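Every number in this text was worked out from the coordinates using simple rules, so none of it is lab data. Fair warning: this is a prediction, and the values are worked out from it, not measured in the lab. Positions of Cβ are backbone-derived with ideal geometry, glycine not excepted, and every protein chain shown enters the neighbour counts.
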Amino acid sequence: IALVMGGAMNFWAYWFSDKMVLKMYKAREVDAASSPYLYNMVKELAQRAELPMPKVYVIDEAQPNAFATGRNPEPAAVAVTTGILQVLDRYELEGVIAHELAHIKNRDILISTISATVAGAISMLANFGMFFGGRDGEDRPNPVVSIAMMILAPLAGMIIQMAISRTREFGADRGGAEISGDPEALASALAKIDAYARGIPMPTAD
């Protein structure tokens, strides 16, 4: 029961999260007419990656940032902040967008959904640790085992989720470099984003 409840709650939360995230950031969709520079860049890179054209969004935030949504290539979207458009040059921006397209191509959002579902199921199982712990007598659970389960099970779920996330990020770096054809520009962009992000808050992300 715990596994089913925890898994279902996280699965559906992530399943409907794409539009919620874009709405939370107040992202506005752009096209070739309203933002030709960005739209055409995404279109060209999507063609190189052999992906359907994703929807393109801009977020009015000073902090340089970008992300992709969509569990499959078909309903995918790429969002960038106005800050990243101002900070990065063309080649650096291409590297970042290629990185996000690599996430879409590798179905990393779907994989993150599944890993979060597993982590949620483990955490829910830990909440029922008192019922599933070892027995010290016929009527009451062993408190040591129960406490250990409640502490270690969520920690294990978090470690699994973080390990998967980090692996997918490295994969997107590699894929982004291949799509853009300029790994040095992507590395430069990531360094710039890290430096600027430290000094520019982004309350919504926080």
For this session: Evaluate the distance, in nm, between pseudo-label points positioned 7 Å from the Cα of Y37 and of R90 along their respective Cα→Cβ axes.
Result: 1.1 nm
Problem set entry | Potential extension, L190-R28 segment - 0.36 nm per residue separation minus Cα distance | 55.9 nm
Exercise. By how many nm would the segment from T82 to E169 lengthen if fully extended, with 0.36 nm per residue of separation less the alpha-carbon distance?
Worked result: 29.0 nm
Problem set entry | Loop-located GluC sites (Glu not before Pro) in the range 38-97 whose Cβ has at most 15 other Cβ within 10 Å (DSSP) | E50
Seminar exercise, completed: Two pseudo-spin positions, 7 Å from Cα along C-beta at K19 and at E74, lie apart in nanometres by 1.6 nm
